[in-house]
Amino acid sequence: MVDLEPARTAAARLGAHPAGVEVQVDRYYELEGGSRLKLRTVPGRPPELIRYRRPESSGVRTSDYEMTPVRDAEARHCLVPKARPVVTVRKRREILLLDNVRFHLDEVDGLGRFLELEAVVDAAHDEEACRRRVTEITAALGLREADFIRASYAELVRAR
């Protein structure tokens, strides 16, 4: 858990600018084969499904995900699983942007405050460039590898 004010100040010093605040509710579903699906709702926006695959091997890792609407317009049916979610995570997320890096200053119900960095791999930023940038930013924030939390919020909530 981190104090968000020093993280916010350090991010601004690096040149990050505010991009909004969202109240997110994430409902996690486990699918056949062990994959995970998240239903995210944010007031004022259409809900979306996020299917992701990522290793749980280290603090800094690649996350491959796909975002889709909850309704299949052509088939005219809802894509949200019929089963109950295995866990629900509620959070307030303040978003700061620095080029292709997103700073998430999160206040997670029942868990506390966290800083999450997300570097987006795109045509201008390959994976290696993103890893270097995240390493530079974590050093500027005074964070060490030992400070990183490997588990997702869903895993932390389930472990409580």
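The values are calculated or read from the model by the stated rules, or taken from the named source; none is laboratory data. No experiment lies behind these values; they were computed from the predicted model shown. As a convention, Cβ positions derive from the backbone with ideal geometry for all residues, glycine included, and neighbour counts pool all protein chains shown. The area values use the complete protein model at the heavy-atom level, side chains included, leaving out ligands, DNA and RNA. Shrake-Rupley method; radii C 1.70, N 1.55, O 1.52, S 1.80 Å.
List of remarks:
- Taken across region 73-91, residues that are of a type in the set (D, E, K, R), under 24 Å from residue 20 (Cβ atoms) and part of a strand (DSSP E or B) do occur, with at least one present.
- Per this entry, residue 107 is counted among residues that are open to solvent by 50 Å² or more (accessible area, probe 1.4 Å) and either in contact (Cβ under 8 Å) with a residue 40 or more places away in the chain or in a loop (DSSP other than H, G, I, E, B) (or both).
- Checking every residue in region 76-94 against the condition of being out of contact with any Leu (no Cβ under 6 Å at 6 or more places or on another chain), modelled with pLDDT of 90 or more and on the phi > 0 side of the Ramachandran plot gives zero matches.
- Boolean, residue 37 is surrounded by 15 or more Cβ atoms within 10 Å (Cβ to Cβ), more than 22 Å from residue 112 (Cα to Cα) and not acidic (Asp, Glu): yes
- For region 10-34, the candidate set comprises residues that are touching a helix residue (DSSP H, G or I) at 6+ places or on another chain (Cβ under 8 Å) and part of a strand (DSSP E or B); within that set, the residue that is nearest to residue 116 (Cα to Cα) is 26.
- Scanning region 14-34 for residues that are free of Cβ contacts under 8 Å to residues at least 60 places away in the same chain, exposed (fewer than 14 other Cβ atoms within 10 Å of the Cβ) and not hydrophobic (A, V, I, L, M, F, W, C) turns up 32, 33, 34.
- Residue satisfying all of: in region 111-136; of a type outside the set (A, V, I, L, M) and in contact (Cβ under 8 Å) with a residue 60 or more places away in the chain; nearest to residue 160 (Cα to Cα) among these: 112
- For residue 128, the requirement of being of a type in the set (D, E, K, R) and in a strand (DSSP E or B) is not met.
- Residue under evaluation residue 142, criteria (1) in contact with a Ser or Thr (Cβ under 9 Å, 6 or more places away or on another chain); (2) outside any helix (DSSP H, G or I); (3) within 19 Å of residue 15 (Cα to Cα), criterion not met: (1)
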